[in-house]
Amino acid sequence: MKFFLDTANTDEIKQALDWGLCDGVTTNPTLIAREGRNMEDAVKEIADLVGDRPVSAEVLAVEHDAIVEEAQERAAWAPNVVVKIPTIPEGVKAMRTCSELGIPINATLIFSSAQALLAAKAGAAYVSPFVGRQDDVGYDGMRTVEEIAVMLRNYDALTSEIILASARTVGHVIRGTQCGAHIVTLPFKTLEQLFKHPMTDIGLESFLNDYREMQEQLGG
Ligand code: E4P
């Protein structure tokens, strides 16, 4: 499973790269706004930082021609830019146009397997089901990911990869590995959570203390 970082914060991206745990980056307008930056500047800097790994940049338009125009602009920012398009009727139409133009698309704001099917049929390189936001309103977000995974396995012609998005817990990531989600996009906080277990901290402390005490006894 690949790990993308869901952030526009370059310090977080640098840390994940340093850990060897960043296979790409996804941004969205909210994440860019959180950094108080212009989208073009932020995406170009991130794209440069991550080398040839993919970086998703979202369109702001909601009508076909304007979406395609923005997609072409964003794709020209850097060779590793993937264009995020919302999975609405005009968006799905634009996904098809962009895919035919050779622009890789990340179909975003997917909340059902039906929406993922439409995006996959339109040639989206990635489909992004939002898990945490479904959980927030009482649905089982992971169920959608599981359905999409089965659907894509059943049809060779549908070549989209699943990006498990809006991942908020370790459980989301692990359930994603069970159903074969190709990628998970993680907020930095969730990436950090993957490392954590209280028994690791307790065990490490006692190993170090035991050895230190023995050395002190020998030395003393
Ligand atoms: C997907 O690419 C989105 O940027 C993201 O995963 C949304 O997550 P959120 O629900 O935590 O905002």
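Legend: ranking of residues LEU117, LEU21, LEU186, LEU101 from fewest to most surrounding C-beta atoms inside 10 Å; resulting order LEU101, LEU21, LEU117, LEU186.
Here, the range 125-213 yields an orientationally averaged convex hull projection of 7.5 nm² when only Cα atoms define the hull. Each stretch of four or more DSSP H residues adds -39500 (n - 2.57); spread over every residue of the chain, this sum gives -16500 deg cm²/dmol at 222 nm. With the cut-off at 21 Å, report for the range 65-146 the share of all Cα pairs above it, as a whole percent. Percent of Cα pairs beyond 21 Å in the range 65-146: 29. Centre-to-centre, using Cα atoms only, the range 154-205 and the range 58-113 are separated by 25 Å. Ordering MET1, MET199, MET214, MET142 by the number of other Cβ atoms within 10 Å of each residue's own Cβ, fewest first, gives MET199, MET214, MET1, MET142.
Using equal-weight Cα scatterers in the Debye expression, the normalised intensity of the range 1-67 in log10 at q = 0.27 Å⁻¹ is -1.19. Cross-linked pairs LYS44/LYS93; LYS14/LYS121; LYS2/LYS196; LYS84/LYS189; LYS93/LYS189; LYS121/LYS196: Cα-Cα separations exceed 31 Å for LYS14/LYS121; LYS93/LYS189; LYS121/LYS196. Based on Cα atoms of the chain, Rg over Rh with Rh as the Kirkwood radius reads 1.10.
Each peptide in 148-160, 59-71 was scored by the mean count of other Cβ atoms within 10 Å over its residues; highest first, the order is 59-71, 148-160. For the range 106-120, backbone phi angles converted through the Karplus equation (6.51, -1.76, 1.60; θ = phi - 60°) give residue-by-residue couplings of 10, 7, 10, 6, 8, 10, 8, 5, 5, 5, 5, 4, 4, 5, 5 Hz, Gly and Pro being listed as x.
Placing +1 on each Lys and Arg Cβ and -1 on each Asp and Glu Cβ, with no other charges, gives the range 1-130 a dipole about its Cα centre of roughly 440 debye.
Read the figures in this text as sums done on the coordinates, not as results from a lab. Remember, predicted model here, so these are calculated numbers, not experimental data. Backbone-built Cβ (ideal geometry, glycine too); neighbour counts: all protein chains shown.
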